[in-house]
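Colleague: Dropping the structure in here first, questions after.
Quick note: the coordinates plus some simple rules give every number you see, no bench work behind them. No experiment lies behind these values; they were computed from the predicted model shown. A quick note on method: Cβ atoms are made from the backbone with ideal geometry, for glycine too, and the neighbour counts reach across all protein chains shown.
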Amino acid sequence: MHFSNTQKPLLSVQHLTTSFYTRNGIVRAVQDVSFNLKEGEILGIVGESGSGKSVTCYSLLGLLPQPPAKIESGRALLGDVDLLKASRKQLRSIRGKRISMVFQDPMTSLNPFLKVGTQLAEALQEHASIRTREAHKRAIEALEEVGIQDAAKRVEDYPHQFSGGMRQRVMIAMALITRPEVLIADEPTTALDVTVQAQILDILQKRRAELGTSIIFITHDLGVVSGFCDRVHVMYAGKTLESAPTRKLFEQSKHPYTQALQSSIPALHDKETALYTIPGSPPDLSNPPRGCPFAPRCEHAIPACSSDETPMELKPIGEEHFSACIRYQQGDLS
Amino acid sequence: MGALIDNTANEALTLESGTSLWKDAWYHFTRNRLALLGGCIFLVVFLFSFAGPWLSPYSYNDQDLSLVSQPPSKAHWMGTDNLGRDLCTRIMYGGRVSIGVGFAATAVSLLIGVLYGTVSGYAGGKTDALMMRIVDILYALPFTIFVILLMVIFGRNIVLLFLAIGAVEWLTMARIVRGQVLSLKKLEFIEAAVALGLSRNRIILRHLIPNVLGPVIVYATLTVPSAMLLEAVLSFLGLGVQPPMSSWGLLIKDGSEMMEVYPWLLIFPAFFFSVTLFALNFLGDGLRDALDPQSAQD
């Protein structure tokens with residue numbers, strides 16, 4: 001893409017492992033996940049429910065309740081700060097200021113008792129000594145920036161007076177009002193209908209272009225990723241299976257799981273034949289299978305895939321392209 | 001295309017008249033006849049008790065020994081007691097104490113209960129467990145013994161009475177609030193507030209407490225009558241308000257001792273007391289229906 005390879009990443013996550021200690025055993029939700037986020041880049045993290053994509057991001061911001069969650073190892077460098085080792089106070093000054101978050105369900109992400117303008121201003125006031133009137137002005141601007149008409153009047157409204165799409169715009173405005181370097185969007189379009197989805201993606205694109213914000217975009221929808229993200233990271237059962245620039249991932253994927261996902265997208269599919277589905281279901285993470293977690297469902301699996309002798313590891317397989325499939329790594333498949 | 005959708009959406013929103021949660025609650029409340037009636041009756045009793053004594057020609061301890069234990073008459077609307085005091089005036093003064101105790105104790109229980117419950121629920125884990133066990137222990141203490149102990153240590157004092165009742169009522173309040181906070185804590189807007197980097201105090205004061213206010217207000221309106229009842233019980237036992245001051249509980253107790261001969265001494269205070277309790281309960285029920293969208297009838 002148009003970002004050079006040598007550029008120092010803005011956020012570098014290395015070998016992040018997060019587990020949940022539950023009564024039924026240890027659930028390894030995220031295992032050895034690494035990725036870099038460059039300035040102005042949109043990184044898509046794709047995976048099914050329970051693949052660990054949200055937990056990855058929640059770990060970064062220290063939003064997981066500990067216990068039961070525990071970050072076992074890894075580093076997450078934002079500049080010089082390791083987010084995983086930062087003190088509570090340090091994290092609080094980073095949350096909402098340098099890294100913001102947009103949540104999945106806009107209907108429940110706003111406090112029903114506070115005016116929208118108040119909530120927008122709150123984020124600003126927490127992180128900067130700013131006068132109330134100034135904060136109010138900035139709140140109106142922030143609403144205008146996400147395409148809400150009549151913003152000066154709408155800041156006086158309560159959340160329930162906004163539609164779902166409008167609320168998600170408010171959430172985006174709220175997340176961006178402090179001009180963070182990184183925006184984590186946790187399935188921000190999942191709860192919205194398709195037309196509104198497109199508008200929200202539009203706004204995110206526009207804001208990225210204007211502010212140069214890097215975006216981590218979590219989704220289970222490969223279709224959304226294709227037109228929106230610069231780079232895609234495919235997760236399954238807490239592990240990264242493939243990571244590549246979006247075009248490469250769609251045109252020449254090097255992992256059977258990604259390929260299977262692509263064949264399951266209804267829109268890309270021939271209407272005459274039955275829609276492809278991946279057989280089986282994701283593994284139980286409190287008792288993960290050996291080797292590659294996808295092997296039991298994979299049509300290209302060989303005995304070596306499920307053995308301990310060949311540990312699954314993300315390896316470069318092309319320029320900017322990483323795959324964890326040993327058969328691709330060994331050149332059996334191409 | 002996008003702009004078109006925006007316009008229609010905005011139009012639809014401006015057409016729908018903006019209503020805040022409170023306005024909505026008020027709308028539902030005013031449609032509830034029983035609750036409105038309860039509110040009106042309570043207002044009347046309240047005015048009777050607090051403004052009445054200014055208009056009454058008697059004071060609460062003016063004795064007229066030539067008119068002892070008189071039935072209701074023109075001069076004494078509700079008769080006189082065995083010391084020749086005007087019962088109507090004594091009911092007014094008693095109402096001041098009873099209603100005052102009800103509200104003061106509720107205020108105390110609100111203050112302690114809401115803060116305690118919110119902190120406990122929000123902190124979670126071991127802090128929560130410890131705080132709730134303390135509540136359990138206090139719950140297990142027999143209330144009357146607790147009050148008697150307080151009275152013995154600090155002497156009889158009306159302020160102490162307020163505090164003692166409040167100190168008992170806050171336990172339930174704390175449990176209710178904690179339960180609410182536990183379920184609120186999982187909602188996304190609290191998570192969003194954390195993700196915005198808001199401080200713990202700010203989240204508790206601005207995001208949690210306003211959202212528990214609905215059930216808290218409802219429970220508070222039900223706490224008022226129960227505190228009044230407690231005061232009556234204590235006065236009945238001789239632990240509450242001391243003569244010549246009066247409270248409804250005390251008047252009922254005095255009346256019950258002579259109810260065979262001078263029934264009005266029991267009937268009038270008991271009437272005022274039960275009417276007030278009914279009114280407050282209807283009011284509380286109405287508020288609950290109005291503030292809780294899940295129990296809305298339509």
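Colleague: Report the antiparallel proportion of the DSSP beta bridges in the protein assembly as shown as a percent, rounded to a multiple of 5.
Modeller: Beta bridges within the protein assembly as shown, antiparallel portion: roughly 60 percent.
Colleague: Still on this structure: Would you mind working out the magnitude of the charge dipole of the range A:113-179 relative to its Cα centre, with +1 at each Lys and Arg C-beta and -1 at each Asp and Glu C-beta, to the nearest 20 Debye?
Modeller: Here the size comes out at about 40 debye.
Colleague: Would you mind getting the Kirkwood hydrodynamic radius of chain A from its Cα pairs, rounded to one decimal in Å?
Modeller: Kirkwood hydrodynamic radius for chain A: 21.0 Å.
Colleague: Then there's this: Which percent, nearest 5, of DSSP beta bridges in chain A are antiparallel?
Modeller: Roughly 60 percent of the DSSP beta bridges within chain A come out antiparallel.
Colleague: Could you give the angle, 0 to 90 degrees to the nearest 10, between helix A:194-211's Cα long axis and the longest principal axis of the Cα atoms of chain A?
Modeller: Helix A:194-211 sits at roughly 80 degrees to that axis.
Colleague: For chain A, set up a GNM with springs between Cα atoms under 10 Å and report which of A:ILE203, A:ILE317, A:ILE265 has the largest fluctuation.
Modeller: Greatest mean-square fluctuation among the candidates belongs to A:ILE265.
Colleague: Next question, about the same structure. Residues with amide H under 5 Å of A:ILE45's amide H, sequence separation 5 or more or different chain, H placed in the peptide plane at 1.01 Å from N; which?
Modeller: A:PHE217, A:ILE218, A:THR219, A:HIS233
Colleague: Using label points projected 7 Å from each Cα along Cα→Cβ, tell me how many nm separate A:ASP284 and A:ARG131, to one decimal.
Modeller: Between A:ASP284 and A:ARG131, the label points sit 6.3 nm apart.
Colleague: Taking Cα atoms, how many degrees apart are the long axis of helix A:164-176 and the longest axis of chain A, rounded to 10 and kept between 0 and 90?
Modeller: Roughly 90 degrees, rounded to the nearest 10.
Colleague: Still on this model: Please list the non-local residues whose amide H lies under 5 Å from the amide H of A:ALA69, H modeled 1.01 Å from N, same-chain partners needing a gap of 5 or more.
Modeller: A:TYR21
Colleague: Moving on to the next point. Please compute, for the alpha-carbon atoms of the protein assembly as shown, the extent along each of the three principal axes and give them in descending order in Å.
Modeller: Its Cα atoms span 116, 54, 53 Å along the three principal axes.
Colleague: Kindly provide the GluC sites (Glu not before Pro) of the range A:201-283 that DSSP labels as loop, not H, G, I, E or B, and whose Cβ sees at most 13 other Cβ atoms within 10 Å.
Modeller: Filter output for the range A:201-283: A:GLU272.
Colleague: Also: Give me the lysines in straight-line cross-link reach of A:LYS248: C-alpha distance below 16 Å, same-chain residues under 8 apart excluded.
Modeller: A:LYS315
Colleague: Another one. At 1.002 mPa s and 20 °C, plugging the Kirkwood radius over alpha-carbon pairs of the range B:155-298 into Stokes-Einstein gives what diffusion coefficient in µm²/s?
Modeller: 119
Colleague: For the range A:145-160, just list the computed ³J(HN,Hα) in residue order, Karplus coefficients 6.51, -1.76 and 1.60, θ = phi - 60°, integers in Hz, with x standing in for Gly and Pro.
Modeller: After applying 6.51 cos²θ - 1.76 cosθ + 1.60, I find 5, 9, x, 9, 6, 6, 4, 4, 8, 5, 5, 7, 8, 8, x, 6 Hz.
Colleague: Okay, next question. Between the helical axis of A:116-127 and the dominant principal axis of chain A, each derived from Cα atoms, what acute angle in degrees is found, rounded to the nearest 10?
Modeller: 80
Colleague: Among A:VAL81, B:VAL152, what is the fewest-to-most ranking by other Cβ atoms within 10 Å? Numbers along the way, then the final one.
Modeller: Working: A:VAL81 15, B:VAL152 9.
Ascending Cβ contact count within 10 Å gives the list B:VAL152, A:VAL81.
Colleague: Can you spot the aspartates and glutamates whose alpha carbon is less than 18 Å from B:LYS126's alpha carbon? Ignore those fewer than 8 places along the same chain.
Modeller: B:ASP136
Colleague: Let me ask you something else. Tell me the relative contact order for the range A:113-179 as a rounded percent, counting alpha carbon contacts under 8 Å between residues six or more apart.
Modeller: Computed value for the range A:113-179: 45 percent relative contact order.
Colleague: Using the Karplus equation 6.51 cos²θ - 1.76 cosθ + 1.60 (θ = phi - 60°), what ³J(HN,Hα) coupling, rounded to whole Hz, does each residue of the range B:257-265 give in order, writing x for Gly and Pro?
Modeller: 6, 10, 6, 6, 8, 10, x, 4, 5
Colleague: Once the mean 1/r over all distinct Cα pairs of the range B:238-290 is inverted, what Kirkwood radius in angstroms do you read off?
Modeller: Hydrodynamic radius (Kirkwood, Cα only) of the range B:238-290 equals 12.4 Å.
Colleague: With θ set to phi - 60° and the Karplus curve 6.51 cos²θ - 1.76 cosθ + 1.60, what are the ³J(HN,Hα) couplings of the range B:33-48 in order, to the nearest whole Hz, using x for Gly and Pro?
Modeller: Result, rounded to whole Hz: 4, 4, 5, 4, 4, x, x, 5, 4, 4, 4, 4, 4, 4, 5, 4.
Colleague: Shifting gears a bit: Hey, what D do you get for the range A:113-179 in µm²/s if you plug the Kirkwood alpha-carbon radius into Stokes-Einstein at 25 °C and 0.890 mPa s?
Modeller: On the way: Rh = 11.5 Å.
Answer, rounded: 214 µm²/s.
Colleague: Also, I was wondering about something else. Quick one, can you get me the convex hull of the C-alpha atoms of the range A:266-331 expressed as volume per residue in Å³?
Modeller: Taking the convex hull of the Cα positions in the range A:266-331, it is 144 Å³ per residue.
Colleague: Shifting gears a bit: In what sequence do B:TRP54, B:TRP170 fall when counting other Cβ within 10 Å, fewest first?
Modeller: With the sparsest Cβ surroundings first, the list reads B:TRP54, B:TRP170.
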